[in-house]
Amino acid sequence: MKKEAILYENWIKPWWLKCTACHNYCQIPEWATWICWIRLNDNWKLYLLTWWKALWINIDPIDKKPLFNMIPGWEAFSFGTAGCNFHCLFCQNWQMSQIKQVKNEIQKREDNFLYVSDLENLWTTLLPTEIIEICKDRKIESIAYTYNEPTVFVEYA
């Protein structure tokens, strides 16, 4: 399913869009993505490449989250997708958060990075209603969007 992003505007240059989802305000030419690699300018509309697509799902103790002493002992349904707008060198989830777009399919791919073109075989379609049902069935009282920077996926989160 293709989902149009909500945080963007037309740019001065013809066929370019300005993404307003994060602090980078990327200027994206037609048929391209930019810093986070998950928002595509397709025919002068910005689409999410990760809409309803979870790359990692886990049930974690909420104590692992950066929430000091908040509901200790509870579990959190944690999920995340590909892409990030930070590209931190110390990222513990870099294989999924720092995906790259393959500019040339012929290039050598021995760098252990995950590429946008590889994702179709790796992620799981996960609707928001399914997340809620899983949490109800397992009596999980919190949901955490995690593993990468949330502004790149604000429409889903």
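The values are calculated or read from the model by the stated rules, or taken from the named source; none is laboratory data. Only a predicted model underlies this, so the values are computations on that prediction, with no experimental measurement involved. With ideal geometry, Cβ positions are generated from the backbone for all residues, glycine too; neighbour counts draw on all protein chains shown. Accessible surface areas use protein heavy atoms only, side chains included; no ligands, DNA or RNA. Shrake-Rupley method; radii C 1.70, N 1.55, O 1.52, S 1.80 Å.
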Next item on the list: May I ask which of LYS18/LYS64; LYS45/LYS65; LYS64/LYS136; LYS3/LYS139; LYS65/LYS139 have a Cα-Cα span longer than 24 Å here?
Entry: LYS18/LYS64; LYS45/LYS65; LYS3/LYS139
Note to self: Could you tell me the extents of the chain's C-alpha atoms along the three principal axes, largest first, rounded to whole Å?
What the structure shows: 52, 36, 28
Check: Points 7 angstrom from Cα along the Cβ direction at CYS88 and TRP15: gap in nanometres?
Finding: 3.8 nm
Next item on the list: Kindly report the accessible area of the chain per residue (heavy atoms of protein chains, probe 1.4 Å, no ligands, DNA or RNA), in Å².
Entry: 61 Å²
Notebook entry, point to check: For the chain, modelled as a Gaussian network with Cα springs under 10 Å, which listed residue fluctuates most, LEU48, LEU67, LEU126?
Noted result: LEU67
Margin query: Placing unit charges on C-beta atoms (Lys and Arg positive, Asp and Glu negative, everything else neutral), compute the dipole magnitude of the chain about its Cα centre in debye, rounded to 20.
Written below: 280 debye
